[in-house]
Every structure is written in structure tokens, then in C-alpha cells.
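In what follows, a structure is listed as C-alpha cells, so that the remarks can point back to it.
The values are calculated or read from the model by the stated rules, or taken from the named source; none is laboratory data. Quick caveat: nothing in here was measured; it's all calculated off a predicted structure. When we count neighbours, we look across all protein chains shown, and the Cβ atoms used for this are built from the backbone with ideal geometry, even at glycine. What goes into the accessible areas is simple: the full protein's heavy atoms, side chains included, and nothing from ligands, DNA or RNA. Shrake-Rupley method; radii C 1.70, N 1.55, O 1.52, S 1.80 Å.
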Amino acid sequence: NWVAETERKREDEARAERKRRLEENYRSIAPARYLDESLETYKPTEENRKSFEWLLKYCQTVEKGENTKNLLYLNGKSGTGKTHLALGVLKRLGGFFITSLEMCIIYDSCRDFRASMTRIEWLERLVGNRLLIIDEVGKGLERIEREILPYIVNVFYNDQKKILIMTGNETAENFRGIIGESGADRFCESGVMLPLCGDSYRKGKLSQK
């Protein structure tokens, strides 16, 4: 009937608008080389298929508001697709992406009296996101990572509606050291470490002329 048709039209328009906003957000944040990538373009190896399928199901549970874990660590060697997958989640769910090194450099620059924002304001900007991706944890400025990551983990731990995704190639022990004892304790309760195995897909591409 007319009422049902009108409702379906509104739902279709809402979905189209959400898709447009997500795409706009993604293109404003993602590194240029990943602009055309998504979860659908990721080609998992057999050894990484389980982690990939888990992540797909996780996105579905988030969309339904049924996720029970909100701290993720994608762990593996360089070139196994950690950033690709993390950005694929961002493209689907929306959020903010930054490398750990950039995060640390901006935080450090906030110490300058001429800075446009304070360190607290920068941290508030980061944790204010519904979904935050910190790429390449362990490759930032070590002193600063160990200073601010425990705080960030704690904020997301205390709000299950928010999601923190970290990527890196640190061992579980080193990762624990970076996020601190309190952060690791919270991660054990609300986090999932998702392994990506194998060698870099870039292996063998370096050539000399």
C-alpha cells in the first residue's frame, strides 16, 4: 500500500545517504593507495581466511549493536594486509584513521606554546571518535606511545559503543608493554587479538636496474 511504499522509499534514501557519507568520510581519511580498497577487495590467503571471516562477522554484529568486544589488535608481519583490513572496516562503519607515528608527532608538537591545541585537546579529538584506528602501533615515538596508549585503551574500554582497532607486528608481550599493564588487563577482557600470518605480499618486489 501507499504507506508501506513510502516507508520503503525513506529507508532506501536513508541507506543511500549513509553510504554517501561513509564514502565521503573514507576518501577524506584513507591514504591514497587505499582509496579503491575495501573488505571486498581483500584476498585472504588460506591461513588468514579464519581471521578475515571473523572480521566480516564482527562488522555485522557492530551494525546490529550486538558486539561484545570493542578492542581489536590486528597482528602480523608487514605486508599481510593489516592496514587494508582495518581501513576496510572503517569504510564500512565510519571512523578515524591515523598512524601511531603521526599521532605521536602531533601530540609532541602540542607542547609548543604556539600550537593550535593542547595535548589534552588532541587526545579528546582522538577518543571522541566512535571508531578509531591506530595503525602500526610500535612504530611511533616509544616514549609517547607508552604515555598515551594506556589512556586511549581505557577510554574505549569504558564505552562499549566505541571501537578501537590497532594494527602492528609486535609480539603479544611487546604489545602488552606498549599499552601498559592496566591497558593489557582491559584488553584481556574486552579485546581480541586477530593474527594475520604469512610473509609480505610485497616480498620479492624490490628490484635493481
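Residue under question is T45, and the condition is that it be β-branched (V, I, T), more than 17 Å from I163 (Cβ to Cβ) and modelled with pLDDT under 95; does it hold? So T45 fits the description; yes.
Residues that are of a type in the set (S, T, Y) and in a helix (DSSP H, G or I) do occur in the range 154-173, at least one of them. Annotation for the range 113-136: no member residue is within 24 Å of S78 (Cβ to Cβ), over 16 Å from the mean Cα position of the chain (by Cα), open to solvent by 10 Å² or more (accessible area, probe 1.4 Å) and touching a residue at least 12 places away in the same chain (Cβ under 8 Å). Each residue in the range 41-66 was checked for being among the polar types (S, T, N, Q) and under 23 Å from I98 (Cα atoms), and 2 of them qualify.
When the range 70-98 is filtered for residues that are open to solvent by 40 Å² or more (accessible area, probe 1.4 Å), out of contact with any Phe, Trp or Tyr (no Cβ under 8 Å at 6 or more places or on another chain) and either of a type outside the set (S, T, N, Q) or closer than 20 Å to K162 by Cβ (or both), the ones remaining, listed by number, are K77, R92, F96. Scanning the range 141-172 for residues that are over 15 Å from K82 (Cβ atoms) and either open to solvent by less than 10 Å² (accessible area, probe 1.4 Å) or acidic (D, E) (or both) yields E142, I144, E145, E147, I148, L149, I152, V153, F156, D159, I163.
The set of residues in the range 32-89 that are under 30 Å from D185 (Cβ atoms), of a type in the set (A, V, I, L, M, F, W, C) and touching a residue at least 24 places away in the same chain (Cβ under 8 Å) comprises F52, W54, L55, C59, V62, L71, L72, L74, L85, A86, L87, V89.
Of note, R27 satisfies the criterion of being under 28 Å from G76 (Cα atoms), of a type outside the set (D, E) and open to solvent by 90 Å² or more (accessible area, probe 1.4 Å).
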